[in-house]
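Notes for the one structure printed next.
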Amino acid sequence: MDIDQLLEREIKVFKGRTTASLSELRRLAVRLPLGVASAYQAQPPYPLVFEYAAGQWAYDIDGHRYLDLHAGFGANVFGHAHPKIVEAICFQSKRGSHYAHPTRSLGYYSELLCERFSMDQMRMCNSGSEATMEALRLARVSTGRSKIVRIEGGYHGHHDLVLMSMKPDPKVVGPLPRPLVQPSCEGLSEAIAQEVIPLSFNDSKILEEVLSSQEVAAVILEPIMCNLGFIEPLPGYLEAVRAACSRHGTVLIWDQVKTGATVAWGGAGELYPDALPDLHCLGKTVGGGLPVGVYGGRQDIMNLISQGRADGYGTFNGNALTVAAGTAAMELLDQQAYRTLQNLNHQLQDQLRELIKAHSLPAYVAGSGAKVGLFWAPKMPEDYRQYLEMVDHKAAMACWIYLANRAVLGAPGSDEQWTLCLPLSRIEDLYPLTEGLVDLAEDLD
Ligand code: PMP
């Protein structure tokens with residue numbers, strides 16, 4: 001069966017088994033554009049509506065149980081409704097959820113995060129987007145410069161500065177190494193476009209050239225590009241970026257909203273210790289399932305806040321419930337937890353590689369820690385342009401629906417990975433996924 005036939009059949013099956021989701025979605029769409037709370041939730045054919053989740057399982061309103069590897073866009077490495085996190089939230093909520101004053105618990109949480117991600121100081125906010133916005137502003141104050149280098153195609157949240165050149169159209173922005181800037185949606189400021197320099201991942205030569213103008217305040221990048229599948233840095237790339245930033249007085253920001261507390265206990269810093277940034281941005285997993293953002297790093301840069309030269313506002317910054325949930329999550333996700341996840345990850349990768357080989361699937365497998373995926377390109381792309389050329393988006397979509405119809409919830413599309421969670425420890429726990437993929441490969445033969 002070819003991909004088109006498979007997709008057509010699976011969409012029919014999907015629609016047949018999710019009628020309650022579809023009719024609820026129609027009701028939701030009366031008051032909510034597209035029936036969802038974020039554009040990324042409006043995934044084709046239509047989003048499923050959920051009502052209950054526990055451990056590795058999530059249940060939709062049609063009564064189907066899914067092995068949840070979507071994990072709330074990769075946040076829930078601890079699994080759903082973990083008793084320790086539930087207990088921490090309940091305990092705190094009875095003592096008040098929000099004071100807009102410091103708490104002792106915030107101090108402990110900060111110690112945990114600063115130790116884990118090698119930060120001298122940090123500030124909490126409420127989303128990954130806020131974290132990248134604040135970190136970029138700090139970099140500008142610190143350097144007295146305004147330009148920002150970002151990696152073409154990556155995602156760093158939804159404020160204007162980082163929505164420039166997020167998945168641009170190569171026909172519009174022209175060839176590498178110096179593509180034009182393209183706003184990714186309407187309504188972004190023209191003036192801000194002038195501040196952004198998009199460059200290609202894994203090209204440290206052009207970065208060196210651009211930084212030598214000494215006009216660039218910050219380079220922001222994901223150390224592993226987790227919004228284009230899973231694109232690892234080529235050997236030496238991150239170290240060269242680190243050296244170039246140091247040489248030219250540019251602040252290096254690692255956006256670890258996805259990699260932090262997923263790819264290893266200490267995030268990407270544990271994997272690339274010779275390339276550590278000046279500032280980290282964190283989110284997702286570190287909030288224990290509640291909204292969170294964190295930015296922090298070098299003492300002298302964070303001192304700009306204490307000195308009143310940079311601010312960092314937010315009514316809900318340091319929210320006591322998020323701190324309680326985040327602290328419980330960080331304690332649960334200790335070094336042993338990542339050893340277990342990594343072990344499971346390797347076993348899964350081995351099985352998937354065998355499957356790819358046996359069925360000559362045009363796919364590659366990659367991952368680390370809690371992050372893993374089967375990506376529909378013949379090999380790992382090195383940057384956004386290669387990603388566009390190599391990835392078969394239709395196959396990725398077919399794979400997602402195929403698995404959803406067989407009780408596995410992945411993150412949809414070609415951009416995301418699967419996220420393993422704490423309740424999964426043995427390869428047998430991934431049975432619906434491994435079986436589903438064997439069936440898919442056989443159907444495609
Ligand atoms: N940076 C990265 C790398 C992300 O993946 C995301 C969200 N997917 C963000 C920033 C933005 O985080 P949030 O959605 O919490 O604003």
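Nothing in this text is a laboratory measurement; each read-out follows from the coordinates by a stated rule. Since the structure is predicted, the reported quantities are computational estimates derived from the model, not experimental observations. Note that each Cβ is placed from the backbone with ideal geometry, even for glycine, and that neighbours are counted across all protein chains shown.
Stretch Ala243-Met1 to full length: gain in nm at 0.36 nm per residue minus the Cα-Cα span?
82.1 nm
What does the charge add up to near Val36, with Lys and Arg as +1, Asp and Glu as -1, over the other residues with Cβ less than 13 Å from its Cβ?
+2
To the nearest 20 Debye, how big is the dipole of region 292-445 about its Cα centre, given +1 on the beta carbon of each Lys and Arg and -1 on that of each Asp and Glu?
Value, rounded to 20: 420 debye.
How big is the antiparallel share of DSSP beta bridges in region 236-382, given as a percent to the nearest 5?
Counting only bridges with both partners in region 236-382, antiparallel ones make up about 75 percent.
How big is the Kirkwood radius of the chain, worked out from every pair of different alpha carbons and given in Å to one decimal?
22.6 Å
Using the Cα gyration tensor of region 352-420, with a ≥ b ≥ c the square roots of its eigenvalues, what is the shape: rounded (a/c below 1.5), prolate (a/b larger than b/c) or oblate (neither)?
rounded
Using 7 Å Cα-to-Cβ label points, what is the Val86/Thr19 separation (nm, one decimal)?
3.3 nm
Which one of Glu186, Glu134, Glu209 has the biggest mean-square fluctuation once the chain is modelled by GNM with Cα springs under 10 Å?
Glu186
What residues from region 335-360 fall in the zone where the backbone N is under 19 Å from a label point 7 Å along the Cα-to-C-beta line of Ser425?
Answer for region 335-360: 335-348.
Can you pull out the chymotrypsin sites (Phe, Trp or Tyr not before Pro) in region 284-325 that DSSP calls coil and that have at most 13 other Cβ atoms within 10 Å? Intermediate results must be reported in sequence, preceding the final value.
Working: sites: Tyr295, Tyr313, Phe316; in loops: Tyr313, Phe316.
Qualifying residues, ordered by number: Tyr313.
Before rounding to the nearest 500, sum -39500 (n - 2.57) across all DSSP H runs of length at least 4 in the chain and divide by the residue total; then give [θ] at 222 nm in deg cm²/dmol.
On the way: 17 runs with 183 residues, N = 445.
Rounded to the nearest 500, the figure is -12500 deg cm²/dmol.
Suppose we keep just the DSSP beta bridges with both residues in the chain; what percent of those would be antiparallel, to 5? The partial results should precede the final answer.
Working: 27 of 44 bridges.
If I count the DSSP bridges inside the chain, around 60 percent turn out antiparallel.
Quick check for me: using +1 on Lys/Arg Cβ and -1 on Asp/Glu Cβ, what's the dipole size of region 83-332 about its Cα centre, in debye to the nearest 20?
Charge dipole, region 83-332, about its Cα centre: 440 debye, nearest 20.
Computed FRET efficiency, Cβ-Cβ of Arg178 and Asp300, R0 30 Å: what is it to the nearest 0.05?
Calculated value: 0.40.
Of Gly79, Ile151, Pro179, which is farthest along the charge dipole of the chain in the positive direction, counting Lys and Arg as +1 and Asp and Glu as -1 at C-beta?
Gly79
Work out, step by step, the length gained on full extension between Glu208 and Ser189: first 0.36 nm times the residue separation, then minus their alpha carbon distance; give nm to one decimal.
On the way: separation 19, 0.36 × 19 = 6.84 nm, distance 2.75 nm.
Residue separation times 0.36 nm, minus the Cα-Cα distance, leaves 4.1 nm.
Can you work out ³J(HN,Hα) from phi for every residue in region 421-426, in order, using Karplus 6.51 cos²θ - 1.76 cosθ + 1.60 and θ = phi - 60°, giving whole Hz and x for Gly and Pro?
3J(HN,Hα) across region 421-426, in whole Hz: 10, 3, x, 8, 10, 10.
Can you tell me the length gained on complete extension of the stretch Lys94 to Val438, counting 0.36 nm per residue apart and subtracting the Cα distance?
Between Lys94 and Val438, full extension yields an extra 119.0 nm.
What per residue convex hull volume, in Å³, do the alpha-carbon atoms of region 10-75 yield?
Working: hull volume 6.2 nm³, N = 66.
Hull volume normalised by residue count: 94 Å³.
Label Asp120 and Arg339 with points 7 Å out from Cα along Cα→Cβ: what is the distance between them in nm?
3.3 nm
Say each of Lys357 and Val30 gets a label point 7 Å from the Cα, pointing the same way as Cα to Cβ; how far apart are those two points in nm?
Simple spin-label model gives 5.7 nm for this pair.
Go ahead and set up a Gaussian network model of the chain, Cα springs under 10 Å, then flag whichever of Val241, Val251, Val13 fluctuates most.
Val13
At a 10 angstrom cut-off on C-beta neighbours, averaged per residue, how do the peptides 192-205, 43-56, 117-130 rank from highest to lowest?
Working: 192-205: 19.5, 43-56: 16.9, 117-130: 21.9.
Ranked by mean Cβ neighbours within 10 Å, highest first: 117-130, 192-205, 43-56.
Under 5 Å between amide H atoms, partner at least 5 residues away or on a different chain: which partners does Gly373 have, H built in plane at 1.01 Å?
Those qualifying (amide H under 5 Å, at least 5 residues apart or on another chain) are Ala366, Trp418.
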